[in-house]
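Beneath this line is the structure, given in structure tokens, with notes to follow.
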Amino acid sequence: VLLGEDPQPGRHQVTELPRIEPEVTEYQRHTLTCLACGARTSADWPPDMPTGSFGPRTQATVGYVTGRLGVSQRDADEMLATVFHTDLGLGSIPVLEQAVSAAVARPVAEAHTYVQTQPVNNVDETSWPERAQRGWLWITTTPLVTVFLLLATRGADGAKQLLGATFAGI
């Protein structure tokens with residue numbers, strides 16, 4: 001060891017999250033009047049401009065916190081304002097939830113079809129109370145894909161909805 005070198009320095013690390021500021025992109029188009037003929041014309045919006053007011057990361061965050069984490073819509077709105085400095089408005093939360101549901105509908109259907117064609121599925125159900133109604137969370141899992149399905153039944157009808165009426169596997 002050289003004089004002045006410390007091979008085992010004391011260490012102290014502090015992890016901090018960066019302050020998150022929303023990125024707002026404003027699109028503008030002008031409507032002008034022709035000085036010669038008086039016709040009013042407007043430019044087209046850019047073809048890649050999102051149609052809604054919130055981008056895909058905002059939508060995914062809402063879907064994640066309300067869908068996966070079970071955060072209420074009111075608490076999700078508060079969290080977005082407090083943590084992400086993004087004011088959505090409470091009425092936007094269910095709209096974004098529906099957009100996320102629509103965006104994942106096709107891959108969810110593909111996953112459901114996939115598990116129904118597999119020779120081996122691990123299937124289970126468990127009670128899932130939802131307000132005053134009783135339901136069941138069904139799950140089927142294969143080595144590559146897992147599907148969850150909330151149903152009002154825990155009997156054979158539920159298994160058929162999950163696995164398909166003609167499931168021939170184990």
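The values are calculated or read from the model by the stated rules, or taken from the named source; none is laboratory data. Keep in mind that what you see is a predicted model, and the values were worked out from it rather than measured. Glycine also receives a Cβ, built like all others from the backbone with ideal geometry; neighbour counts cover every protein chain displayed. Just so you know, the surface numbers come from the protein's heavy atoms only, side chains and all, with ligands and any DNA or RNA stripped out. Shrake-Rupley method; radii C 1.70, N 1.55, O 1.52, S 1.80 Å.
With (1) open to solvent by 40 Å² or more (accessible area, probe 1.4 Å); (2) without any contact (Cβ under 8 Å) to a residue 12 or more places away in the chain; (3) not β-branched (Val, Ile, Thr) as the list, and residue 45 as the residue in question, which single condition is left unmet?
Unmet for residue 45, out of (1) open to solvent by 40 Å² or more (accessible area, probe 1.4 Å); (2) without any contact (Cβ under 8 Å) to a residue 12 or more places away in the chain; (3) not β-branched (Val, Ile, Thr): (2).
So, residue 15, is that one at pLDDT 90 or above and either on the phi < 0 side of the Ramachandran plot or not in a loop (DSSP other than H, G, I, E, B) (or both) or not?
The answer is yes for residue 15.
Only one residue in 29, 19, 11, 74 is open to solvent by 70 Å² or more (accessible area, probe 1.4 Å) and touching a strand residue (DSSP E or B) at 6+ places or on another chain (Cβ under 7 Å). Which one?
Exactly one of 29, 19, 11, 74 is open to solvent by 70 Å² or more (accessible area, probe 1.4 Å) and touching a strand residue (DSSP E or B) at 6+ places or on another chain (Cβ under 7 Å), namely 29.
Which one of these does residue 124 not meet: (1) open to solvent by less than 70 Å² (accessible area, probe 1.4 Å); (2) without any contact (Cβ under 8 Å) to a residue 40 or more places away in the chain; (3) within 24 Å of residue 67 (Cα to Cα)?
Every condition holds for residue 124 apart from (1).
Exactly one condition in (1) loosely packed, with under 13 Cβ neighbours inside 10 Å; (2) in contact with a helix residue (DSSP H, G or I) (Cβ under 9 Å, 6 or more places away or on another chain) is false for residue 110; which is it?
(2)
Look through the range 51-66, keep the residues that are in a helix (DSSP H, G or I) and among the small types (Gly, Ala, Ser), and return whichever of them is most open to solvent (accessible area, probe 1.4 Å).
The qualifying residue most open to solvent (accessible area, probe 1.4 Å) is 60.
Across the range 127-151, which residue is farthest from the chain's Cα centre (by Cα) among those that are open to solvent by 40 Å² or more (accessible area, probe 1.4 Å) and among the small types (Gly, Ala, Ser)?
Only one residue fits best here, namely 132.
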